[in-house]
Amino acid sequence: MRNGMKSRTPGEAPGQRTRGAAFPWWVLGTVLVLAFGLWHLRDVRAGVIETGDAFLYGWYGLLMAGCGIACLGSGWLFFHKRAALETVSAVCALCLGVMYLLVLAPLSAPDEVSHFISAYRLSNEMLGQPAADESGRVYVRSQDAFLLDTELAPGESLAAAEEAGETTVLGQTLTEHTYRKIHDAGLWGTGETGMETTAKPPVETTPLAYLPQALGLTLGRLAGLGGLGLLYLGRLGNLLLYTAAVWWAIRQLPFGKEILAGVSLLPMSLHLAASFSYDAVILSMSFLFTAVTLRLAFGAGTVRKRDVAAMAAIMGVLGPCKMIYGVLLGFCLLIPVKKFGNWRRWLLAAASVLAVYAAAMVLVNSGTIAQYAGETESYVGWAGESGYTFGWVIRNPVKTLGLLYNTLLVKGEYYHLTMLGNWMGNLDPVLDVPYLLIWAVTLALLLLAMKKPGAETIYLAGGRRLWVFAVCLGCFLAASLSMLIAWTPASSKIIMGVQGRYFLPVLPALLMAVKNNWIALTRNRDRELLYFMVCVSGYALLRLFSIVSIRI
C-alpha cells in the first residue's frame, strides 16, 4: 500500500497486529498447557511402574507434542496471521479432533459399538457383500471379532461368546489395558477372509448418518487394514465431515461466527465428532441448518430454489437421526416472507422442506412413531418395570410439568457438565474436564455471546429472540418427553436418560439470542477467548490420557 502502510483485518484495532507480532504472548498459553502436561506425567509414570508398559511414555510424549503444536499453531493463526475465523476453527477442530480420536479409544463413546455395527453393515453393502444374516445379525470379518470381545480365545466363535454373555467390548471402559490391547494389536490385518455374525444390534436410522464412517471402513478394508485401522479410519471420516461442516457453517453465518466456533471447540463436541456416533452428523447438520436459515433471514437477498433445496436436504438427513431435532424447522420462520417474493412462493418452499422431512421420517421412523403413539402400556427393560406412555402424558399435563420441574432441579447441573465436557467415554464419570475449567469455558461462551464495542447490530431481538428461545425450549421438551416415554420407569420422580450432549445442536442459536443491548463489552476479546478454549481442550487431552494410564 502507499506510504508503506500495512493492511488491517476489518474490525481490527489500530496497532493490534503490530503488538501481536512484536510480543507473541499466546506462546505463554502453550507453555502453560505443556507445564500441566509435565505435571500429569507423574500419573503416566505411575501407570508405567505398575504395568511395565513403557510405550505409554512414547505415546504421552507424542500427545504433548501434538497439544503444544495445536496451541502454538492456533495462536499463530488467531493473532499473527489473523486468519479467517472459519479457517482457524476448522484447523483447530481437525487437529484437536484427531487427538481426541486417539486418546479416547475406539468404541468408547456413548453407544459407539452400535454405531460401529451400523456403519459396518453399510460398508458390507458398499463392497457388494451380504450385510446381515436372515435374523438381522450383521456380518463382520473374523479378524475384527476381537474388537467386540477383547478376551476372545483363538478359534472361539464370536456368536458363541455373545450368547454366553461373556464379551468385553474394546473401549467400553477405558483402562490402561485398553491402551495395551491397541498397542499389541497394531493397525494391519491378519489376512483372514472369513466372516462372522454379531449379536450387537445396529441402530435403525437413515444410512446417511453412517456414510462418512462406512466410507472409512470400506477404504480400510480395501487397504488390508485390521480392525483397529478400520476403527480409526471410520472415526476420521466422521471428523472430516464435522470439520467441513464447521468451516462452511461459520462462513455462512451473517453474525455469531465466534459463538459457533466456540461451541465447535468444546471438549464434548470434539469427542463426539471424533467417534463413530451419529452425533457427529447431527452436530454437523444442525450447525449447517442454523447457519443457512440465519443467512437467509438476515444476510441474503432473495431466497433461491437451491436455498430451499439445501434446507430440505439438511433436514432430510438430520430429522431421522433423532426426531427431537425436528423442532429446528422453527428456525425457517425467521426468514421474512418478502425474501421469497410473495406468500405463494413462501408456502411452496415451506411445503417442500416439510415434505422432504416428513418423507424421511416416514421411511425411517414410521414404526417407532406408531409404536409410541399407539401403545397403552409401556415396559422399561433396564428397570424391569412399567413406564410412561404418550397417552399418559396427554392425560396428565400437570403431572408431566411436575416431572419436568423436578428433573431440572435435580439434573440441571448434570446437563450443564455433560454438555460441555464431563462424563466422556461411555458415560464414564471419571473421564471429565475439571469443574473449574467447565465454569471457565461457560464464562467464555457467555462472553463470546455479549455485544462487542462499536455499532454491532442485535439481529435476534424482540419477537425473533423469543422465537429462538421457544425453539430451544422445544428441543429440551422433545428430548425430555421422548426419554420419559422410552426410558423412565413409572416409579421415578424425575425423567431419566437425558444427557447434556442432546442440547449441543441448539446451543449456538441459544447463545446468539442471549446477545442484547443491556450488557456490552468494552473490548473485543473473541479471539483470545477462542484461543483459551483451544488450550482447555489441549489440557483436557493430556489429563484424560493420564487418567486412563493409571486405571489398572
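No lab work stands behind these numbers, since they all come straight from the coordinates. Just so we're clear, the structure is a prediction, and the values are computed from it rather than from any experiment. Quick reminder, even Gly has a Cβ in these numbers, built from the backbone with ideal geometry, and neighbours come from all protein chains shown.
Things to note:
- Counted over the chain, the DSSP beta bridges are approximately 90% antiparallel.
- For LEU107, residues with placed amide H under 5 Å, excluding near neighbours: PHE276
- The modelled label-to-label distance for the pair ALA244/ALA359, using points 7 Å beyond Cα in the direction of Cβ, is 2.3 nm.
- Dipole in debye (nearest 20) - the chain, about Cα centre, beta carbon charges: Lys, Arg +1; Asp, Glu -1: 3620
- ³J(HN,Hα) computed for each position of segment 130-143 - Karplus, 6.51 cos²θ - 1.76 cosθ + 1.60, integer Hz, glycine/proline x: x, 7, 7, 7, 5, 8, x, 6, 6, 7, 10, 5, 4, 6
- Three-way shape call for segment 396-552 based on the alpha-carbon gyration tensor, with the a/c threshold at 1.5: oblate
- Qualifying lysines (Cα of each under 21 Å from Cα of LYS493; at least 8 residues distant if same chain): LYS399, LYS411
- Amide H partners (placed H, <5 Å) of THR198, local residues excluded: VAL138, VAL140
- Cα gyration tensor, segment 337-402 - rounded (a/c under 1.5), prolate or oblate: prolate
- Identified option (computed volume of the Cα convex hull per residue in Å³; candidates (1) 164; (2) 184; (3) 172): (2)
- Placed amide H near ALA132: partners under 5 Å, 5+ positions off or other chain: TYR139
- Working from Cα pairs under 8 Å separated by at least six residues, relative contact order for segment 95-174 is 33 percent.
- Within segment 176-289: Cβ-based charge dipole about Cα centre, in debye rounded to nearest 20 (Lys, Arg +1; Asp, Glu -1): 220
- Using the Karplus relation 6.51 cos²θ - 1.76 cosθ + 1.60 with θ = phi - 60°, the per-residue 3J(HN,Hα) values for segment 318-328 come to 6, x, x, 4, 9, 4, 5, 7, x, 5, 5 Hz, with x marking Gly and Pro.
- For segment 94-155, the square roots a ≥ b ≥ c of the C-alpha gyration tensor eigenvalues yield an a/c of 1.5 or more together with a/b not exceeding b/c, which makes the shape oblate.
- Translational diffusion coefficient (Stokes-Einstein; Kirkwood radius from C-alpha pairs) of segment 446-528 at 25 °C, 0.890 mPa s, in µm²/s: 164
- Residue-averaged [θ]222 nm for the chain, counting only DSSP H segments that reach four residues, each worth -39500 (n - 2.57): -19500 deg cm²/dmol
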